[in-house]
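Since every read-out is calculated from the coordinates, none of them should be taken as a lab result. Keep in mind it's a predicted model, so treat the numbers as computed, not measured. Cβ atoms come from the backbone with ideal geometry, glycine included; neighbour counts cover every protein chain shown.
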Amino acid sequence: EDTPLVSRRFVNIEHPERDDITKLSSKIRVLQWNILSQSLGESVDNFVACPESALEWRRRRQQLSEEIVRSQPDIICLQEVDHFNYFQKTLSTQGFKGIFFPKPDSPCIYIKDNNGPDGCAIFYKEDRFDLVRSENRILEVWTVQSNQVGVLAILKDLESGQELCVATTHLKARSGALLSTLRNEQGKDLLDFVQANAEQRPVILCGDFNAEPIEPIYSTVLGHDLLRLGSAYRYPSGQEPAYTTWKIREEGEVRQSIDYIFYSEEHFQVDALLQFPDGEEIGEGRVPSFRYPSDHFSLVCDLTLVRTNGNET
Ligand code: NDP
Ligand code: CA
């Protein structure tokens, strides 16, 4: 049946007039989303408040595409992708091209009737960007490869002529001191990977970091002395949103802010953010549900390329 997606709206971010800033492009709309792997969602996750029929692939794929396309992004970063071919096919009809890198030992492949490993993907609008090159990385922890990956694209913005570095990741899940240390190490390796490829280019780094802002990895990302990243969703309150994922498992309700869009602050201005639906709109069973196809919400922001004309004194 036809069930409308939860409704969402964009909020514009106001900036004080600054004559030392030159805009180099129109907005670049970036979408970040852990889409919930089909195999994991049906077999492992145990969303006790979600009817099984809401998780049928034929229903979900329609809603996943709709959620992506309705916000009209230029760049899309996805995690838990175990149907890359489907997205490549549907999103190509909307003018996107994509790259994909699977996890080396994805838990999906151990599930009956799986559709292959899950991984991270980046899609970009072909009429806006040229792909200069792409890189993949199996993230290392103390020089040993882990089961988490990073995917990176150097894109040339055809409007401004500027090259950008776009990267995405899905860090190790679950809580505990050891795991938050592990995520921090994975994140450091990811930042090295991004820095090595970005060089001086503007950076957009999106992902499911599986870490709330109190975890070490959050400060590691924002404290990187060369990349100088900010978190888009800290506008306008100065704080991360209350949640980016909200689900009910057997153990209870899980409501956390663990997904981020980071960007190099000297290169971009944040002009708009897609707000999260409130608890009432989401519904008692939280997500996934008949009205939303993942346990994570998509993050969407408008970034404008800027140049700061420093006071040369
Ligand atoms: P992660 O710990 O990173 O988690 C993998 C996935 O599980 C993530 O996509 C995560 O989603 C999801 N997840 C997180 N918390 C829960 C939860 N409470 N219940 C259900 N799903 C959850 O795993 P790794 O990639 O490091 O792989 C290791 C895992 O793979 C092991 O935990 C094991 O279960 C499985 N495995 C199984 C094998 C087998 O023979 N059956 C062999 C090898 C691995 P999110 O990020 O959204 O939280
Ligand atoms: Ca998941």
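What to note about this one:
- If the condition is being on the phi > 0 side of the Ramachandran plot and under 15 Å from the mean Cα position of the chain (by Cα), then segment 208-240 contributes only ASN210.
- Of the residues GLY116, GLY150, GLY176, GLY161, the single one that is small (Gly, Ala, Ser), closer than 24 Å to GLN88 by Cβ, surrounded by fewer than 24 Cβ atoms within 10 Å (Cβ to Cβ) and without any contact (Cβ under 8 Å) to a residue 60 or more places away in the chain is GLY116.
- Scanning segment 132-147 for residues that are surrounded by fewer than 15 Cβ atoms within 10 Å (Cβ to Cβ) and more than 16 Å from ligand 1 (Cβ to nearest atom), we see that the one that is farthest from the chain's Cα centre (by Cα) is THR143.
- Search result, residues across segment 64-87 that are out of contact with any helix residue (DSSP H, G or I) (no Cβ under 9 Å at 6 or more places or on another chain), in contact (Cβ under 8 Å) with a residue 24 or more places away in the chain and of a type in the set (S, T, N, Q): SER71, GLN72, GLN79
- Within segment 186-206, considering residues that are under 29 Å from SER160 (Cα atoms) and of a type in the set (Gly, Ala, Ser), the one surrounded by the fewest Cβ atoms within 10 Å (Cβ to Cβ): ALA196
- Candidate set: segment 207-217, residues that are touching a residue at least 40 places away in the same chain (Cβ under 8 Å) and more than 16 Å from ligand 2 (Cβ to nearest atom); chosen: the one surrounded by the most Cβ atoms within 10 Å (Cβ to Cβ): ILE217
- Flag for LEU91 being surrounded by 15 or more Cβ atoms within 10 Å (Cβ to Cβ), within 19 Å of the chain's Cα centre (by Cα) and closer than 16 Å to GLY207 by Cα: no
- Every pair of residues 6+ apart whose Cβ atoms lie under 6 Å, when the first sits in segment 90-108 and is within 9 Å of GLY119 (Cβ to Cβ) and charged (D, E, K, R) while the second is part of a helix (DSSP H, G or I) and within 16 Å of ligand 1 (Cβ to nearest atom): none
- For segment 162-176, the criterion of being over 16 Å from the mean Cα position of the chain (by Cα) and within 15 Å of ligand 2 (Cβ to nearest atom) is met by at least one residue.
- Qualifying residue in segment 244-265 (condition: in a loop (DSSP other than H, G, I, E, B) and over 26 Å from SER43 (Cα atoms)): yes
- Unique match (being among the hydrophobic types (A, V, I, L, M, F, W, C), assigned to a strand (DSSP E or B) and either more than 16 Å from ligand 2 (Cβ to nearest atom) or farther than 29 Å from GLU159 by Cα (or both)) among LEU36, LEU24, LEU78, LEU91: LEU24
- Within the set VAL300, VAL287, VAL221, the sole residue that is in a helix (DSSP H, G or I), surrounded by 23 or more Cβ atoms within 10 Å (Cβ to Cβ) and either aliphatic (A, V, I, L, M) or touching a His at 6+ places or on another chain (Cβ under 9 Å) (or both) turns out to be VAL221.
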